[in-house]
1. One residue is enough: does the stretch 79-89 have a residue meeting the conditions β-branched (Val, Ile, Thr), surrounded by 21 or more Cβ atoms within 10 Å (Cβ to Cβ), in contact with a Ser or Thr (Cβ under 7 Å, 6 or more places away or on another chain) and not assigned by TED's automatic domain parsing to the domain that holds residue 157?
2. Do any residues in the stretch 127-148 that are under 18 Å from residue 234 (Cβ atoms) have Cβ atoms under 9 Å from those of residues that are in a helix (DSSP H, G or I) and among the hydroxyl-bearing types (Ser, Thr, Tyr), where the two are at least six apart or on different chains, and which pairs are they?
3. Confirm whether residue 93 is at pLDDT 95 or above, closer than 22 Å to residue 161 by Cα, not assigned by TED's automatic domain parsing to the domain that holds residue 149 and not polar (S, T, N, Q).
4. Of the conditions (1) at positive phi; (2) in contact with a helix residue (DSSP H, G or I) (Cβ under 6 Å, 6 or more places away or on another chain), residue 92 clears all except one; give me its number.
5. When the residues of the stretch 54-84 are filtered to those that are of a type in the set (A, V, I, L, M) and out of contact with any Gly (no Cβ under 8 Å at 6 or more places or on another chain), which remaining residue is nearest to residue 148 (Cα to Cα)?
6. Based on what the data block shows, is residue 246 of a type outside the set (S, T, N, Q), in a loop (DSSP other than H, G, I, E, B), modelled with pLDDT of 90 or more and surrounded by 13 or more Cβ atoms within 10 Å (Cβ to Cβ)?
7. For the stretch 109-159, give me each residue that is within 13 Å of residue 243 (Cα to Cα) and of a type in the set (Val, Ile, Thr).
8. For the stretch 116-144, which residues satisfy the criterion of being surrounded by 17 or more Cβ atoms within 10 Å (Cβ to Cβ) and either in contact with a strand residue (DSSP E or B) (Cβ under 7 Å, 6 or more places away or on another chain) or aromatic (Phe, Trp, Tyr) (or both)?
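The values are calculated or read from the model by the stated rules, or taken from the named source; none is laboratory data. Everything numeric in this text was worked out from a predicted model, so none of it was measured. Cβ placement follows ideal geometry from the backbone for every residue including glycine, while neighbour counts extend to all protein chains displayed.
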Amino acid sequence: MNYNGADSLEFGAGNTKIDPAVLRELPEGCKVTSTENHGVSFWAQTGRIDVLLRDGTPQSFFIKVISKELGMNMTRGEFHSMSAMHNVLPEFVPKPIACGTYRTIPETHFFLCEFREMTDDMPDPHKFAALLSTLHQKSVSPTGKFGFHITTYAGNLPQFVAWEDSWEAFFAKTMRQALDLEIERKGPSEELDVLSRALFEKVIPRLLRPLESDGRVVKPSLVHGDLWYANAGIDVDNDQPLVFDACCFFAHNESDIKLGGLTRMYQRFLSITRHFAHSEAILSLLDMVSGIFHGLIHFNAKSVSNCKGTVGT
């Protein structure tokens, strides 16, 4: 982070100075006692702010700071995502407080939430699955559609969130946007074009359309959007699972499991899938489609071979 022209705003080293825009979001009359670097992020600087409230009670806050217009959009997306989850299931996420822009450093933006001390152990799968299922079941799309009201970011990549009536349409457009971003980074490929056409014209309709045919309905559920072991932990105070770094949208509930990257956790979840209202057929469909997609965006000889076998080319 560039702190030129804003002396002593770095976290740590005994610093207690914070930007006025952040200070405004803290409890009125509190005194900042320390700031420390905390956590690891590929895209941001992250830290902990410790304060004393007026009555002398200590309290801590987590802050994420990112630069440029992308940083502004990312912090807004995270604030709205965490707020949506907290409104449905407050015990599952740290309470979001604010997002905003520094006054003293140009083009510098922040996301602020309560600080929850966590271990990096994998949560108990039974507790975690029960909470995740409750989030999916209790959440209600404000439009009755799939999507979200503001762009959210998986890492530093924008997600497709435009409102769609159909899960198939939303899923296909999500895949199309992600694939286009990957092609923009790595360049076009004739073989990739052939495989991606088969994915969008044959595979996705064949696998997902039956979920919304003959009277069947897919409920748009609020999903975390980037659910993997590094975005989950255990609350030290109550031993309960917590998740963070959300990039939410309303989707098929099982996209949180099959598309969220729960590689280390997924096998443990298989034994407690009674929490989720699904069929093995649906899991297989999502597994197949997500496997094709990840093969396409991590384009190499092995993934091309796997995709060819699935799409029948």
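1. At the first step, the residues of the stretch 79-89 found to be β-branched (Val, Ile, Thr) are 88.
Still in the list and also surrounded by 21 or more Cβ atoms within 10 Å (Cβ to Cβ): none.
Checked against the condition, which is being β-branched (Val, Ile, Thr), surrounded by 21 or more Cβ atoms within 10 Å (Cβ to Cβ), in contact with a Ser or Thr (Cβ under 7 Å, 6 or more places away or on another chain) and not assigned by TED's automatic domain parsing to the domain that holds residue 157, the stretch 79-89 yields no hits at all.
2. Sorted first by the residue in the stretch 127-148, then by its partner, the pairs are 129/273.
3. Numbers: at pLDDT 95 or above: yes; closer than 22 Å to residue 161 by Cα: yes; not assigned by TED's automatic domain parsing to the domain that holds residue 149: yes; not polar (S, T, N, Q): yes.
So residue 93 passes the test.
4. Every listed condition holds for residue 92 apart from (1).
5. The initial filter retains those residues of the stretch 54-84 that are of a type in the set (A, V, I, L, M), namely 63, 65-66, 70, 72, 74, 82, 84.
Of the ones still in play, those that are also out of contact with any Gly (no Cβ under 8 Å at 6 or more places or on another chain) are 66, 70, 72, 74, 82, 84.
Values: 66: 22, 70: 18, 72: 17, 74: 14, 82: 13, 84: 10 Å.
Per the stated criteria, the residue is 84.
6. Working: of a type outside the set (S, T, N, Q): yes; in a loop (DSSP other than H, G, I, E, B): yes; modelled with pLDDT of 90 or more: yes; surrounded by 13 or more Cβ atoms within 10 Å (Cβ to Cβ): yes.
Here the answer is yes, as residue 246 does meet what is asked.
7. Correct list: 119 only.
8. 116, 118, 123, 128, 131, 135, 136, 139, 141
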